[in-house]
Amino acid sequence: METAKLTLRGQDYELPVFEGSEGEVALDVRNLRAKTGAVAYDPGFGNTGSCSSAITFIDGEQGILRYRGYPIEEIADRRFSEVAYLLIYGELPTAEQQAAWSKGLTYHTLIHEDMKKFFEGYATKGHPMAILSSMVASLSTYYPGNDDSPEIVNLNILRLMAKLKTIAAFAYKKSIGQAFIYPRNDLSYSANFLRMMFAVPAEPYEVNPKVERALNMLLNLHADHEQNCSTSTVRMVASSGANLFASIAAGICALWGPLHGGANQQVIEMLEHIEADGRNYKKYVDMAKDKSSGFKLMGFGHRVYKNFDPRAKILREAAQDVLAEMGIDDPLLEIAQRLEEVALHDPFFVERKLYPNVDFYSGIIYRAMGIPTDMFTVMFALGRLPGWLAHWKELRDDESGRIHRPRQVYTGATERHSG
Ligand code: CMC
């Protein structure tokens, strides 16, 4: 067995070394404290492998992203329901599995009628991410079943996959004072969601197939991204034995933050601001370089990618195509392209390897679809749900798992007394 040598205060220790299936090298520090008395110090977890996982592989240096081994470029146009199945169950579904999965996904879309009343309690202008997380946590009051039974686990996975889009669309309808539109079982995941968002009872509504296709792709591109902040949160909460709905509700809250999924809303707000400010891109690039300004170029940079985010590459092309296909001329697209060009040639961004991330172009497509800005992060959550479910299941299936409980290095006052 390969080992790494650690010398601490004159004493040598051997740390086991192991390798992942793509050659990533890991030092196993599980017994570090027991053997040496020292802990591994890594605030922000930039060097910490919190688990081993067989779901998603990222090579941040080369800009590679694969779900269960399949490159994101091959996955992008598959049916979202298939991609969800792949992530959660490890393989693309057979025709028979897909038929059963799709049927479940449509037949579980309704929420309990009593839950509709919950929407009346939220402030009209309340952020839909707050509504989404609390509604998901509330689902556990309707489905309190035993998470240890595989049948209940699979049923709850199906329920949540099916119901999240209904909750998301109802939250939007409530915010604009329109009637809830119930799901329809003959529509695809994306078409069903679009109809619940944009149809009104007074007239027929046809889903635009171009919008349906674009949404399907966006959901796929967001479906998983290994141990990001929200997924790590889901795993952390699940490690205590918390139920599926509680764990995912926590993940939704983590996603909401502007440094994570909330960045897609911030990008559009930033682009609107630049537009209103005479399109002075250079000024905003300069502000982002000035640490004292507190301003960051939203949609730029990534903890793992030190190269183009492969999802951003796909989305940059898609934004152009979708807008052209829909005959939309959005000035924000040009501003985004110009901003990207300036930043990519600026030494500050080049030296720090800051490239556009998934959130940089996604909002421009959501806008073209008619999705309001404060729903953008909800769209991210709909896409990310299969990833959260896959990680929740992987963690719960791992019998060797322990509760997540990091250590700290205490730097406060040493013992003192008030008398
Ligand atoms: N604008 C200006 N400077 C930046 C930016 C940016 N967007 N991102 C990073 N930097 C600088 C940062 O100040 C630091 O500079 P220095 O080395 O001089 O101190 C350097 O680049 C390294 O950045 P970091 O903050 O150490 O990187 P991190 O891995 O801790 O943070 C990040 C990653 C994504 C939170 C950060 O790049 C950021 O805040 N970006 C803007 C928000 C954003 O777009 N978030 C979406 C991320 S992708 C999708 C998702 O996760 O949901």
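Laid out as a table, the results:
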| quantity | calculated |
| --- | --- |
| Charge context of ASP59, other residues only, Cβ under 13 angstrom, K/R +1, D/E -1 | -3 |
| Nearest-0.05 FRET efficiency for GLU22 and ALA95, computed from C-beta distance (R0 41 Å) | 0.85 |
| Under-5 Å amide H pairs with ILE64, H placed in peptide plane, nonlocal only | ASP59 |
| Under the Karplus curve 6.51 cos²θ - 1.76 cosθ + 1.60, θ = phi - 60°, whole-Hz ³J(HN,Hα) for the stretch 236-247, x wherever Gly or Pro sits | 4, 5, 4, 5, 7, x, 4, 6, 4, 5, 5, 5 |
| Debye equation applied to the C-alpha atoms of the chain, log10 I(q)/I(0) at 0.07, 0.09 Å⁻¹ | -0.37, -0.61 |
| HIS404/LYS306 FRET efficiency (R0 35 Å; Cβ-Cβ; nearest 0.05) | 0.85 |
| DSSP-assigned coil residues among GluC sites (Glu not before Pro) in the stretch 53-153, each with at most 15 further Cβ atoms within 10 Å | GLU61, GLU91 |
| Those chymotrypsin sites (Phe, Trp or Tyr not before Pro) in the stretch 350-419 that DSSP places in a loop and that have at most 15 other beta carbons within 10 Å | TYR410 |
| Local electrostatic count, MET298, Cβ distance below 13 Å [Lys/Arg +1, Asp/Glu -1] | -3 |
| 24 Å Cα cut-off, lysine pairs counted over the stretch 85-225 (separation 8 or more, or different chains) | 25 |
| Vicinal HN-Hα couplings computed from phi for the stretch 356-372 (Karplus, 6.51 cos²θ - 1.76 cosθ + 1.60; Hz; Gly/Pro x) | x, 10, 4, 7, 5, 9, 4, x, 5, 6, 4, 4, 4, 7, x, 7, x |
| Set of lysines with alpha-carbon distance to LYS306 below 28 Å, sequence-local pairs under 8 removed | LYS282, LYS283, LYS289, LYS291, LYS296, LYS353 |
| Most fluctuating residue given options ALA199, ALA381, ALA191, as computed from a GNM of the chain linking Cα atoms under 10 Å | ALA199 |
| Estimated distance in nm for a label pair at ASN47 and LEU8, the labels positioned 7 Å out from Cα along Cα-to-Cβ | 1.3 nm |
| Computed over the stretch 269-419, Kirkwood Rh from alpha-carbon pairs, angstrom | 18.6 Å |
| Linear extension gain, THR411 paired with VAL200, 0.36 nm per residue minus alpha-carbon span | 70.1 nm |
| Calculated FRET value between ASP59 and SER418, using beta carbons and R₀ = 41 Å, to 0.05 | 0.15 |
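No lab work stands behind these numbers, since they all come straight from the coordinates. This structure is a prediction, so every number in the text was calculated from the model and none was measured. Quick reminder, even Gly has a Cβ in these numbers, built from the backbone with ideal geometry, and neighbours come from all protein chains shown.
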